1. Under the Karplus relation 6.51 cos²θ - 1.76 cosθ + 1.60, θ = phi - 60°, what is the ordered set of whole-Hz ³J(HN,Hα) values for segment 73-84, x standing for Gly and Pro?
2. Using 7 Å Cα-to-Cβ label points, what is the L47/L74 separation (nm, one decimal)?
3. Quick one: which residues, 5 or more positions from R83 or on another chain, have an amide H under 5 Å from its amide H? H modelled 1.01 Å from N in the peptide plane, none for Pro or chain starts.
4. So what are the ³J(HN,Hα) numbers for segment 43-52, from phi and the Karplus equation (6.51, -1.76, 1.60; θ = phi - 60°), rounded to whole Hz, Gly and Pro as x?
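Just so it is clear, none of the values below were taken in a lab; they were calculated from the coordinates. The structure displayed is predicted, hence computed values, not measured ones. Every residue, glycine among them, receives a Cβ derived from its backbone with ideal geometry; neighbour counts consider all protein chains shown.
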Amino acid sequence: MKKFFGAAALAAFLIVPGVASADAASDRSAAIRACRAEVSSQTGVTLDDVRLDQARVRGTTVRVDLDVWRDGQLQNVRCDATRG
């Protein structure tokens, strides 16, 4: 019986973080898409000119750093998106 509970606890430990990281990954992807679209809209450049620099998921926020190329000049833009 002890071995069964040990195996069940190990299985739960391995499965639950996968579910949590899947939510974080989908939130991260959605935030990147939304931020790129918003920056493109506000600056009047194409989506190809708005490139991902990095994205970090922290608690209830996804921070997306983007590189915007306009008129041959690089501009860094930061976008914070709320998760959930």
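1. 10, 8, 10, 8, 10, 10, 10, 10, 10, 8, 7, x
2. 2.4
3. Correct list: T61, V62.
4. In residue order, the calculated couplings are 8, x, 9, 6, 4, 5, 8, 10, 10, 5 Hz.
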